[in-house]
Structure formats: C-alpha cells, structure tokens
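Have a look at the structure below, then the notes.
The values are calculated or read from the model by the stated rules, or taken from the named source; none is laboratory data. Quick caveat: nothing in here was measured; it's all calculated off a predicted structure. Here the Cβ positions follow ideal geometry from the backbone for every residue, glycine too, while neighbour counts run over all protein chains shown.
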Amino acid sequence: MECVTTTADAAKKATDCVIVGIYDKKRLSEAAEAIDDAGDGLISKLVDQGDLSGKLGAAALLARPAGLKAKRLVVVGLGTKNTFGRREYHRATRAALASIRSTKVRDVVSYLSAEPVRDCEPYYRGRLAAQALGEHLYRFTSTKNDKTPPAPRIRKLTLAAAERSDRDELTLGAEHGAGIAVGMNLTRDLGNTPPNICNPSYLADQAREMADKYTNLEVRVLEEEDMLALGMNSLLSVGDGSDQPSKLIQLDYRNNGDASPAILVGKGITFDSGGISLKPGPAMDEMKYDMGGAAAVMGAMAAVAALRLPINLTVIVPSAENMPSGRATRPGDVVESMSGKTIEILNTDAEGRLILCDALTYAQQYGPTMLIDVATLTGACVIALGRHRSGVMTNDDTLADEIVAAGERAVDRAWHLPLDQEYADQLKSNFADLANIGGREGGVITAGAFLWQFTKKARWAHIDIAGTAWLSGGKKGATGRPVPLLLDLLLQQID
Ligand code: BES
Ligand code: MN
Ligand code: ZN
C-alpha cells in the first residue's frame, strides 16, 4: 500500500475515486465546495433535494461526476462542524471506504485529511486514515473455499493537505498508520483462526515466523519441561486437561541499545472450554478468541518491528488450552506458582489469571520500564464496559492515565477501574495464599486484583479486552484492538 500527499484542487485530481465531506446544516467542506463549483452544483443540488444530509458516516457514491477529473466521487457526512473531532474523522473515513468496498477502485484521494479536525493534528489524520485503509483491506479466507466478496483493490491512498507544511506530518502519520494496520491484521488473523489450528504450538510457530521476517527480533519458546523447572505450576495446571502442550513464547525486539525494555504480556488461551468448571454451550465457539491478548501483543510487536521503531520491547505469551479430562485440574486443587505463592483453584474457568501470574513473575526478572498485560480476562468486564472500552487496572495511576490518553488519541478507548485492598481481600482462601476467584461482585476488578498480587516489583497495568477483542453476531470477527492503543503508548516512549 502506497501513501502520498497532495495539495491539488479536488476537482482537478485524476483518480479512481475522490472522497470529500459535508457537514450537517448544508455546510460543505472546502473540497466539497471546489467540486460543487466545478461540477455545476453537483453536491449542493443533492443537499437541497434532501439526498445528502451530512449526517456523520452517511456516505454516497456518485459515478462519473460532471466537471471532475475523478471517475468516482464519495460524499461522506461529517456531522456537526464544531464537534468534528478525531473519532468523527475516523468514523467518516471508514464509512467512505465502506461505500466503495465492492468497486474496482485502485487509487483513492481523500480530502477529509485537509479538514480542520478538532484536537487532531495532521499526524493523526494521516495515521487514522492509513490505518482505516489497512483495516479495510483485511479479509479472512484461509478456511473458506468461497472467497467472495473479492478483496478490495485499493493500492494507493493520497491524502490531501490543507497546507504544504502539513505534508511531512501527514506522511509520517500515514506510515505509522499502515504499520499499525499490519499489526492489527495479524492480531485479527490469529484470533479468527479456528482453535483446532490455532493452538499453543501454532502461536509459537507464528512467533518463530515473525522472528525470521523482521530484523532485531529474536524468539524463545519455553516448553513444559522448561516451565516445570522454573516452577510455573500455576500456568502448567491450566493445560493439564489438554492434549496440546502449553508454551511460553517470548519475543525480544532490541533497537535501542541496552535500555530496559517495555514488556507486554498477552493471555494465550487458544480455547477456553472452562475446563472441569465447563462453560455453557451457547457461543462457546467464541472462546477461540481467548488468545486475543496474545494476538494483540504479537500484533503490536509486528507493528513495532515493521516500523523499525527505536525502542526495546519484549512480548511474552503464556499459552495453553483449557479442557476437561481425567487429567484436568479440579476445583479445590492447590498449586504453587512461580512466585512461591500458593493458589486454591476454586473455578477452573478462571484460568487466564493462572497463566498470567506466572508469566508476570517471569517478566519482572527483566526489570521492565513498564509491564502491561492484555487479556480477555472476564465476562464481568463486558458487563461493566460493554464492547466499547477496554478496562485498565494498575499499581501506578500515572501509567493508567498514559494508557487511557493513548486510547483516546488512537481512537481505541479504555477506562481506568480501581484496584483497592478490599477487592484483593475477596480472594482470601482457607487452604492457600489466595483463591483464583473472588465471588460475583466486582468480578472484573477481583481478577485484576489477583494479578496485582504478583506484580509488586514493576510499574504494571492490566488491560481487560474481553469486550473489545472481537465482535459477535453477523459481524463476528477479531477487531485488532487494542493494537492502536498499545502502539500509541509505545510511540510516546520515543523522544
Ligand atoms: N475467557 C473468559 C472470560 C470471557 C468470558 C471473556 C466471556 C469474554 C467473554 C475467562 O477465562 C473466564 O471464563 N472468566 C470467568 C471468571 C469467573 C469464573 C470468575 C468469567 O468471566 O465468567
Ligand atoms: Mn475461563
Ligand atoms: Zn479464559
């Protein structure tokens, strides 16, 4: 995908498709105005007829527009002018692209990037547009013979700049946006791949392929015997009922001398049946997405490596399959974690925290600048925040502020939830140092509080993506979240 910038007049641009915006209350953007003038009132007539409302995200595709050099014109609604911010910009861009999904457009010129977007500098306009295009081009077809609808053919995106001086920023943003989309699409591929294919060994193979593909990237995979030697009995207990061996996958990207790394840990349960505490049947297939955290941190790593960012980043993926069997962990079993703390497993379906606690103990040996775990950890998070925001818990409130701010900038929102001792107290056990469940109340937070007990030696945050990693229903599929948030956070580390 190629991305360039232009300052040319919208009517004079020879292209397969030009995208312009209109606001509500019949207000045309500057580019729409230019096209209207060249095209004998083409847009204003449609507005006057009531065919184009300017409602945010409402897009119309016009063929062979009179007076223009372009073969097609997309007019997309931008909503109210004085509330047009980065979220609206992102949404309008996506809507415009969706309106040309089944066309043969190969190159597109967007004038949305030349609009004044509230609190959104040209860098982010470039980044969000290129990311949206990268996402738009994604399809999952590896397990389907029928490959319709065909993949969109867009190969070149031209972004209009309001000022000549905006062009460098737009270009840098577009480059980062394209890299982020590469990461998101890897995350989506890993998530969507069925669980009979995407098992812990498959994730390890994918990590090995990444290390082959990118420079400055090394891989290490710990096998069950290695983990046993390290005392990771909590992690290992989760895979006991599965025929698939558990793995701990580590990717080290070093492109900033010997500076301490940032570490991302991702929950890699490749299928969560619940184990002996078996889940109910409906929508159980969606538990293939229980490796969404692993997919997100691997996607973030792919983006970082593809962009060759000058940072040090380590990604750690504890991976197992949670299945019932005669060898599976029972409710009531007590295991000793790598930290030395003992855990009473009262519910085998609260397995994510059991693999994460050992991975977090392991990660802290590296003295990370920040330690962030990403996990589809609780159904309670979906109840609390819905599918719109990820949940953030931390032992360092400034880190939470940074994460929430990164989510705002990247249009990949998160919300800071509290961690107090009272929540940790809900995890008291009569038979071990702590239990793996804390009762129904505050379930998203007691899960975070469990991890908190294992992360006292780092600047740590936990991101619960149970609601944001995938969509259900007709649009079932992985979203690629929270790769944009993670990349924004990592890009902030560069000065
Ligand atoms: N992977 C699930 C969480 C989940 C459930 C994510 C539904 C998205 C949708 C996790 O392993 C789990 O089963 N959590 C339990 C915890 C409970 C047993 C304390 C849950 O949320 O019900
Ligand atoms: Mn579970
Ligand atoms: Zn799970």
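Values computed for the structure shown
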item	result
Residue in region 331-341 that is hydrophobic (A, V, I, L, M, F, W, C), over 25 Å from ASN199 (Cβ atoms), part of a strand (DSSP E or B) and over 19 Å from the mean Cα position of the chain (by Cα) present	yes
Within region 263-278, tally of residues that are away from ligand 1 (no atom under 11 Å from the Cβ) and either surrounded by fewer than 24 Cβ atoms within 10 Å (Cβ to Cβ) or among the aromatic types (Phe, Trp, Tyr) (or both)	1
Close pairs (7 angstrom Cβ cut-off, 6 or more residues apart or separate chains): more than 15 Å from ligand 2 (Cβ to nearest atom) in region 423-448, of a type in the set (Gly, Ala, Ser) and in a helix (DSSP H, G or I) anywhere	TYR423/ALA449; ALA424/ALA449; LEU427/ALA449
Some residue of region 103-119 being modelled with pLDDT of 95 or more, in the same structural domain as ILE22 (by TED's automatic domain parsing), basic (Lys, Arg) and in a strand (DSSP E or B)	yes
Subset of region 364-414 (residues that are hydroxyl-bearing (Ser, Thr, Tyr) and within 16 Å of ligand 2 (Cβ to nearest atom))	THR376, THR378
Residue satisfying all of: in region 401-441; over 17 Å from the mean Cα position of the chain (by Cα) and part of a helix (DSSP H, G or I); surrounded by the most Cβ atoms within 10 Å (Cβ to Cβ) among these	TYR423
Those residues of region 193-203 which are surrounded by 22 or more Cβ atoms within 10 Å (Cβ to Cβ) and outside any loop (DSSP other than H, G, I, E, B), in sequence order	PRO200, LEU203
Enumeration of residues in region 324-375 that are hydrophobic (A, V, I, L, M, F, W, C) and within 14 Å of ligand 1 (Cβ to nearest atom)	ILE343, ILE345, LEU346, ALA350, LEU354, ILE355, LEU356, CYS357, VAL374, ALA375
Boolean, GLY268 is within 16 Å of ligand 3 (Cβ to nearest atom), closer than 30 Å to ILE494 by Cα and under 16 Å from the mean Cα position of the chain (by Cα)	yes
Residue list for region 361-389, restricted to those being part of a loop (DSSP other than H, G, I, E, B), crowded, with 22+ Cβ neighbours inside 10 Å and hydrophobic (A, V, I, L, M, F, W, C)	LEU377
So ALA211, is it aliphatic (A, V, I, L, M), within 16 Å of ligand 1 (Cβ to nearest atom) and either in contact (Cβ under 8 Å) with a residue 12 or more places away in the chain or surrounded by fewer than 19 Cβ atoms within 10 Å (Cβ to Cβ) (or both)	no
Looking only at region 463-477, and only at residues there that are buried (at least 18 other Cβ atoms within 10 Å of the Cβ) and more than 16 Å from ligand 2 (Cβ to nearest atom), the one that is nearest to GLY268 (Cα to Cα)	ILE463
Single residue of MET291, MET298, MET287 found to be touching a Leu at 6+ places or on another chain (Cβ under 8 Å), at pLDDT 95 or above, assigned to a helix (DSSP H, G or I) and closer than 27 Å to GLY332 by Cα	MET291
Filtered residues of region 79-124 (kept if aliphatic (A, V, I, L, M) and under 22 Å from THR15 (Cα atoms))	ALA92, ALA95, ALA96, LEU97, ALA98, ILE100, VAL105, VAL108, VAL109, LEU112, ALA114
Options ALA303, ALA328: the member that is out of contact with any Lys or Arg (no Cβ under 8 Å at 6 or more places or on another chain), assigned to a helix (DSSP H, G or I) and either within 16 Å of ligand 2 (Cβ to nearest atom) or within 26 Å of TRP470 (Cβ to Cβ) (or both)	ALA303
Residue in region 253-260 that is assigned by TED's automatic domain parsing to the domain that holds ALA478 and surrounded by 22 or more Cβ atoms within 10 Å (Cβ to Cβ) present	yes
Any chance ALA92 is crowded, with 19+ Cβ neighbours inside 10 Å and closer than 30 Å to GLY407 by Cα	yes
One residue from THR187, THR215, THR193 being touching a helix residue (DSSP H, G or I) at 6+ places or on another chain (Cβ under 8 Å), more than 26 Å from LYS476 (Cβ to Cβ) and at pLDDT 95 or above	THR215
The listed residue being under 26 Å from GLU169 (Cα atoms) and part of a loop (DSSP other than H, G, I, E, B), out of LEU52, LEU97, LEU68, LEU56	LEU56
Matching residues in region 237-252 - criterion: being within 27 Å of the chain's Cα centre (by Cα), crowded, with 24+ Cβ neighbours inside 10 Å and not basic (Lys, Arg)	VAL238, GLY239, SER246, LEU248, ILE249, LEU251
Residue within region 256-268 that is part of a strand (DSSP E or B), more than 16 Å from ligand 2 (Cβ to nearest atom) and either at pLDDT below 95 or hydroxyl-bearing (Ser, Thr, Tyr) (or both) present	no
Some residue of region 75-92 being in contact with an Asp or Glu (Cβ under 8 Å, 6 or more places away or on another chain) and modelled with pLDDT under 95	no
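Here's the yes/no breakdown for (1) farther than 20 Å from GLY126 by Cα; (2) more than 36 Å from the chain's Cα centre (by Cα); (3) among the hydrophobic types (A, V, I, L, M, F, W, C):
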residue	(1), (2), (3)
SER29	no, no, no
ALA32	no, no, yes
GLY39	yes, yes, no
LEU52	yes, no, yes
LYS55	yes, no, no
LEU78	no, no, yes
ASN82	yes, no, no
ARG91	no, no, no
THR103	yes, no, no
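Table: residues versus (1) out of contact with any helix residue (DSSP H, G or I) (no Cβ under 7 Å at 6 or more places or on another chain); (2) away from ligand 3 (no atom under 13 Å from the Cβ).
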{"position": "ASP358", "(1), (2)": "no, yes"}
{"position": "GLN364", "(1), (2)": "yes, yes"}
{"position": "GLY379", "(1), (2)": "yes, no"}
{"position": "HIS388", "(1), (2)": "yes, yes"}
{"position": "GLY391", "(1), (2)": "no, yes"}
{"position": "LEU399", "(1), (2)": "yes, yes"}
{"position": "ARG413", "(1), (2)": "no, yes"}
